[in-house]
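What follows is a set of notes on a single structure, which appears directly below.
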Amino acid sequence: MMGKFSKGILFGAVVGAASGLLFAPRSGKATRQKFVDELEDWSDLKEDFTEKLDQFKDSAQALQAAADMYIEPFIDGINQDVENFMFQAEPRLDQIQEQVEKIQSELPEMPSED
């Protein structure tokens with residue numbers, strides 16, 4: 001898809017430049033030279049654009065590779081930390097529940113106000 005977009009940009013630029021040059025109030029030789037100069041400029045621009053696009057693709061692939069390398073171990077580490085926390089927290093929660101039940105059983109009943 002990006003190839004079609006680049007070709008469309010290049011085509012539009014060439015047609016626009018050619019139209020501007022053909023309708024410019026210059027002599028034939030000056031117009032031809034201007035046209036050649038414009039084509040060279042647009043050719044350089046296309047090469048720069050293609051180079052930057054290739055660099056972007058390379059960067060995106062490197063990012064994907066890094067993500068593939070680090071995300072799964074990171075998630076595994078998080079899951080292990082959660083398991084460790086639950087392993088440590090469950091006995092403590094049970095002790096707290098026992099203490100709450102003990103306190104509730106030792107508290108005197110409050111008379112109701114009816």
Scope region 12-38; condition modelled with pLDDT of 80 or more and open to solvent by 70 Å² or more (accessible area, probe 1.4 Å); matching residues: 33
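Determine whether region 3-11 contains at least one residue that is touching a helix residue (DSSP H, G or I) at 6+ places or on another chain (Cβ under 6 Å), among the charged types (D, E, K, R) and either open to solvent by less than 90 Å² (accessible area, probe 1.4 Å) or at pLDDT below 90 (or both). Quick ask: steps written out before the conclusion?
Taking region 3-11 first, the residues touching a helix residue (DSSP H, G or I) at 6+ places or on another chain (Cβ under 6 Å) are 10.
Filter again for among the charged types (D, E, K, R), leaving none.
Scanning region 3-11 turns up no residue that is touching a helix residue (DSSP H, G or I) at 6+ places or on another chain (Cβ under 6 Å), among the charged types (D, E, K, R) and either open to solvent by less than 90 Å² (accessible area, probe 1.4 Å) or at pLDDT below 90 (or both).
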Examine region 1-19 for a residue that is within 28 Å of the chain's Cα centre (by Cα) and not in a helix (DSSP H, G or I), and state whether such a residue exists. yes
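Check 46, 52 and return the single one that is touching a helix residue (DSSP H, G or I) at 6+ places or on another chain (Cβ under 8 Å) and assigned to a helix (DSSP H, G or I).
Numbers: 52 fails: touching a helix residue (DSSP H, G or I) at 6+ places or on another chain (Cβ under 8 Å).
The unique qualifying residue is 46.
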Residues in region 76-93 that are charged (D, E, K, R) and open to solvent by less than 90 Å² (accessible area, probe 1.4 Å): how many? 1
Which one of these does residue 73 not meet: (1) surrounded by 10 or more Cβ atoms within 10 Å (Cβ to Cβ); (2) within 30 Å of the chain's Cα centre (by Cα)? (1)
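The values are calculated or read from the model by the stated rules, or taken from the named source; none is laboratory data. All of these numbers come straight from a predicted model, not from anything done at the bench. Here Cβ is always computed from backbone atoms with ideal geometry, including for glycine, and neighbour counts include all displayed protein chains. Quick note on the areas: whole protein, heavy atoms, side chains included, nothing else; ligands and nucleic acids left out. Shrake-Rupley method; radii C 1.70, N 1.55, O 1.52, S 1.80 Å.
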